[in-house]
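Working notes, beginning with the structure itself.
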Amino acid sequence: MKIMKGAIIMAFEIRPYPEWSWSQSRDQIFKDCRRKYYYHYYGSHNGWLREASEEQRTAYRLKQITNLYMMLGDGVHLMAEASLKQWQLEKSMPEQKEITEDVRFHLNQAYKDSLDITRWKMAPKKLKMLHELYYGDKLPPKRVEQIKERIKLCIANFFESETIQDLLSEDIKIMEIEELNTFLINGQKIYVKLDFLYKKRNRWIIVDWKTGNESEENENQLLLYALFLHDKYNVPFDQMEIRLEYLLSGKTAKITIDENELKQLKIDIVQSMDQMKKCLEDPEMNKPLPISQFTANPNTRNCWACNFRESCDEIAN
């Protein structure tokens, strides 16, 4: 299908099955629950089309559901991106009060969208739906208060972070801000998105903003970024600095790059891809096996938080 827009021709191809790729978020869903994995990557595909089946429409719609913690992370990342781009263009930063209001508006709008389920069902990609309201009667008051406090802490700590202090006081070169990239491992497409990448003298600094609690599980994500940086810019590993900015606590964690760990990460990724491809009837087309072959992993915590509770018949009680 080709859509004319002014003098630009945009090609849009309707595929019976989604394009194959690998990402860390995909790997995590695959490990958590293969039934959820099916709904998220295959059952929802083409659910936006007019001729989609009811099952596709439902899966596509449920895939878009978010929650308060995710909206906080999304809002803070948008704030960070806008602030960095303003600095890049104008060498000035927005006022802390201004961006605090922007993040609050972001969450308030999600709440307002969520109050009209009928309207959301008509445009689930454009509007927001909070998990807390879709599967519950109201927002948990304690969670709302927690989110309000986290907004203030995250934004205050963003301005006090080592990264922003570098930006304000050092002669740095901004390389990337929230760019979605791909590179290949074993001939397979890998998606990565760096929150912020800059050069400080002869050092390449990868920054990842975190709005949750500190966790060692974040390290593999950052090591993958090191592989990408080496692939795209041919940067030696000893010239990289990987930095986790924990905005909730105000702490900065720096990851040591160990080439043996990078080799193991590549092995783990290839094994993950192999396991995913065992769930395909036709690997060339990325056609999945029937949904019955994607075994659910019911447990109370995961099922309670899952977007696809409405569709799944193996939900934990």
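The values are calculated or read from the model by the stated rules, or taken from the named source; none is laboratory data. Since we're looking at a predicted model, the values are computed, not measured. Cβ: placed from backbone, ideal geometry, glycine included. Neighbour counts: every protein chain shown.
Against the numbered list (1) surrounded by 15 or more Cβ atoms within 10 Å (Cβ to Cβ); (2) within 22 Å of CYS303 (Cβ to Cβ); (3) within 22 Å of the chain's Cα centre (by Cα), LEU139 comes up short only at (3).
Out of region 187-203, which residues are assigned to a loop (DSSP other than H, G, I, E, B) and polar (S, T, N, Q)?
Across region 187-203, the qualifying residue is only ASN202.
Being out of contact with any strand residue (DSSP E or B) (no Cβ under 8 Å at 6 or more places or on another chain), closer than 28 Å to ASP195 by Cβ and of a type in the set (Gly, Ala, Ser) holds for only one residue in SER25, SER21, and it is SER25. The number of residues in region 175-220 that are under 23 Å from ASN260 (Cβ atoms), acidic (Asp, Glu) and in contact with a strand residue (DSSP E or B) (Cβ under 7 Å, 6 or more places away or on another chain) comes to 2. Six or more apart or on different chains, Cβ under 8 Å: which pairs go from a residue in region 204-224 that's part of a strand (DSSP E or B) to one that's modelled with pLDDT under 85? Could you list them? Hits for this filter: ASP208/ASN218; ASP208/GLN221; LYS210/ASN218. Among residues of region 43-84 being under 20 Å from SER292 (Cβ atoms) and hydroxyl-bearing (Ser, Thr, Tyr), the one that is surrounded by the fewest Cβ atoms within 10 Å (Cβ to Cβ) is SER53. At negative phi, modelled with pLDDT under 95 and aliphatic (A, V, I, L, M): does that describe LEU248? Against the criterion (at negative phi, modelled with pLDDT under 95 and aliphatic (A, V, I, L, M)), LEU248 does not qualify.
Table: residues versus (1) part of a helix (DSSP H, G or I); (2) of a type in the set (Lys, Arg); (3) closer than 23 Å to ILE269 by Cβ.
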position: GLU19; (1), (2), (3): no, no, yes
position: ASP27; (1), (2), (3): yes, no, yes
position: PHE30; (1), (2), (3): yes, no, yes
position: TYR37; (1), (2), (3): yes, no, yes
position: TYR42; (1), (2), (3): yes, no, yes
position: ASN46; (1), (2), (3): no, no, no
position: GLN56; (1), (2), (3): yes, no, no
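Here THR300 does not qualify as closer than 30 Å to ILE205 by Cβ and of a type outside the set (A, V, I, L, M). Remark: pairs (first residue in region 158-181, closer than 17 Å to LYS251 by Cα; second residue of a type outside the set (Phe, Trp, Tyr) and part of a helix (DSSP H, G or I); Cβ separation under 8 Å; 6+ apart in sequence or on different chains) = PHE158/VAL76; PHE158/MET79; PHE158/ALA80; PHE158/SER83; PHE158/ILE164; PHE159/GLN96.
Only residues that are surrounded by fewer than 12 Cβ atoms within 10 Å (Cβ to Cβ) and aromatic (Phe, Trp, Tyr) were counted across region 97-134, and they come to 1.
Only a single criterion out of (1) without any contact (Cβ under 8 Å) to a residue 24 or more places away in the chain; (2) surrounded by 14 or more Cβ atoms within 10 Å (Cβ to Cβ); (3) under 24 Å from the mean Cα position of the chain (by Cα) is not satisfied by ARG301, namely (2).
Considering only region 187-228, state which residues are farther than 24 Å from ILE147 by Cβ and aliphatic (A, V, I, L, M).
ILE190, VAL192, LEU194, LEU197, ILE205, ILE206, LEU222, LEU223, LEU224, ALA226, LEU227
Considering every residue within region 249-269, establish whether at least one is more than 17 Å from the chain's Cα centre (by Cα), under 22 Å from GLY73 (Cα atoms) and buried (at least 20 other Cβ atoms within 10 Å of the Cβ).
Among the residues of region 249-269, at least one is more than 17 Å from the chain's Cα centre (by Cα), under 22 Å from GLY73 (Cα atoms) and buried (at least 20 other Cβ atoms within 10 Å of the Cβ), which makes the answer yes.
If only residues of region 234-248 that are closer than 23 Å to ASN213 by Cβ and charged (D, E, K, R) are counted, the one that is surrounded by the fewest Cβ atoms within 10 Å (Cβ to Cβ) is GLU241.
Just need a number here: residues in region 84-116 that are free of Cβ contacts under 8 Å to residues at least 12 places away in the same chain and either farther than 25 Å from GLN165 by Cβ or out of contact with any helix residue (DSSP H, G or I) (no Cβ under 8 Å at 6 or more places or on another chain) (or both). Outline the logic, then answer.
Taking region 84-116 first, the residues free of Cβ contacts under 8 Å to residues at least 12 places away in the same chain are 86, 89-92, 95, 97-98, 101, 105, 108, 112, 116.
Then drop every residue that is not either farther than 25 Å from GLN165 by Cβ or out of contact with any helix residue (DSSP H, G or I) (no Cβ under 8 Å at 6 or more places or on another chain) (or both), which leaves 86, 89-91, 95, 97-98, 101, 105, 108, 112, 116.
The total comes to 12.
Here is the figure for region 77-102: residues that are under 18 Å from GLU176 (Cβ atoms) and out of contact with any His (no Cβ under 8 Å at 6 or more places or on another chain) total 12.
Here are some residues: ASP231, ASP195. Which one is surrounded by 20 or more Cβ atoms within 10 Å (Cβ to Cβ), among the charged types (D, E, K, R) and under 29 Å from ILE269 (Cβ atoms)?
Details: ASP231 fails: surrounded by 20 or more Cβ atoms within 10 Å (Cβ to Cβ).
Going through ASP231, ASP195 in turn, just one is surrounded by 20 or more Cβ atoms within 10 Å (Cβ to Cβ), among the charged types (D, E, K, R) and under 29 Å from ILE269 (Cβ atoms): ASP195.
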